[in-house]
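Structure, as structure tokens:
The values are calculated or read from the model by the stated rules, or taken from the named source; none is laboratory data. Since the model is a prediction, treat every value here as computed from it, not as a measurement. So basically every Cβ, Gly included, is an ideal-geometry build from the backbone, and we count neighbours across all protein chains shown.
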Amino acid sequence: MAPLPFNLSLVQFLADHRTSYLTHFFLAITFFGGAGAYFLIAIFIYVAWNKQLAIRLLVLVLLTMTLNEILKMVIGNPRPFIRERTWLKKWAVSPEEAARLAAEYSTPSGHAMGSSAFYSYLYGCIRSRAVRVIAVVAILLIGISRPYLGVHYAEDVLIGWAFGLSLALVSIRYGEAIASAWNRFSSMQEIGATLAGSLALWLLAVLLNGGQTAGQPRNALYYAGFLTGIVIARRLEVSRVNFDPKSSSVVEKILRYLLSVGMVIFTLVILRAGFEMAVDRASVFWNLAEYLRSAAAGFVAIFVAPLLFTRIGWARRATM
């Protein structure tokens with residue numbers, strides 16, 4: 001597919017007028033439009049305030065990011081400066097990040113799409129004026145950061161915003177109906193549907209990627225894996241732990257948040273090290289390894305960590 005006729009001159013203008021302060025600022029801002037930030041925010045909500053909201057946020061953003069990878073491959077638009085082969089000079093990101101991004105397509109922006117879905121859903125579900133202001137500012141600044149850093153066209157951001165906001169609005173409007181329909185499934189049916197959906201999405205991504213399993217198909221499978229872990233863990237947590245996120249002191253809430261994040265990071269790191277010793281990263285089996293690794297991380301976040309911090313007295317069980 002031929003590159004779309006997007007406005008490269010605007011991206012060039014921003015590149016020509018960067019300052020050290022603004023570059024460092026937007027590099028920090030762009031973090032809040034990535035999977036790591038969504039996880040940190042959602043897990044805090046999960047362990048300290050509202051489990052249902054956190055689960056729905058995670059499901060929404062994971063589905064959004066998976067869809068983004070598929071859309072990028074369908075549209076097939078290269079990132080700015082790829083055709084000119086000047087991306088290493090024009091992008092204000094690390095060489096490692098540039099190498100990763102250069103292998104991926106551009107449209108729509110994953111940061112814009114994910115952030116508009118995630119923070120718009122927060123805006124719609126939380127009535128706090130401060131939270132709503134922060135949500136709007138986050139969406140705008142994350143979107144602006146992408147063309148400023150040179151890794152996306154402005155049009156990528158606008159398209160990403162449109163998709164992300166649409167998904168958030170659908171989730172807000174029909175979330176209860178979707179949840180009610182999903183809860184009619186048994187646990188095994190939920191897991192089976194998630195596994196089948198993950199496989200179908202991965203096969204579609206590989207087909208769109210010319211039969212290659214590396215790159216964006218692997219990204220899509222990683223998000224699907226995390227979602228699978230959440231689906232497996234959700235009902236287990238309710239039946240065997242069922243902690244009250246509003247219970248205990250502020251200090252204990254902070255402790256259980258730190259424990260949850262630490263356990264997830266440990267899971268990801270230790271499994272990555274183990275799989276690297278057993279599986280060739282260039283093989284198709286590395287896709288399965290990444291899927292299992294992210295599924296384990298989702299399971300630990302939603303079930304294992306709550307089981308542990310409830311047992312040690314940092315949270316109480318919810319009263320029926």
Checklist entry - Can you name the condition, by its number, that LEU207 falls short on among (1) in a helix (DSSP H, G or I); (2) surrounded by 13 or more Cβ atoms within 10 Å (Cβ to Cβ)? => result (2)
Checklist outcome for this item: Across region 229-284, the tally of residues that are under 24 Å from the mean Cα position of the chain (by Cα), in a helix (DSSP H, G or I), surrounded by fewer than 18 Cβ atoms within 10 Å (Cβ to Cβ) and of a type in the set (Gly, Ala, Ser) stands at 3
Next on the checklist: Just the residues that are assigned to a helix (DSSP H, G or I), touching a residue at least 60 places away in the same chain (Cβ under 8 Å) and small (Gly, Ala, Ser), please, taken from region 25-41.
Outcome noted: ALA35
Checklist outcome for this item: Filtering region 293-320 down to residues that are more than 21 Å from ILE55 (Cβ to Cβ) and in a helix (DSSP H, G or I) yields ARG311
Item to check | Subset of region 165-186 (residues that are in contact with a helix residue (DSSP H, G or I) (Cβ under 8 Å, 6 or more places away or on another chain) and in a helix (DSSP H, G or I)) | outcome: LEU165, LEU167, ALA168, LEU169, SER171, ILE172, GLY175, ILE178, ALA179, TRP182
Item to check | Residue count for region 274-320, restricted to those that are farther than 11 Å from PHE243 by Cα and among the basic types (Lys, Arg) | outcome: 2
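Rundown of residues vs (1) buried (at least 20 other Cβ atoms within 10 Å of the Cβ); (2) at pLDDT below 95, yes/no style:
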site: GLN12; (1), (2): no, no
site: THR19; (1), (2): no, no
site: VAL47; (1), (2): yes, no
site: THR64; (1), (2): yes, no
site: ARG79; (1), (2): yes, no
site: ARG85; (1), (2): no, yes
site: LYS89; (1), (2): no, yes
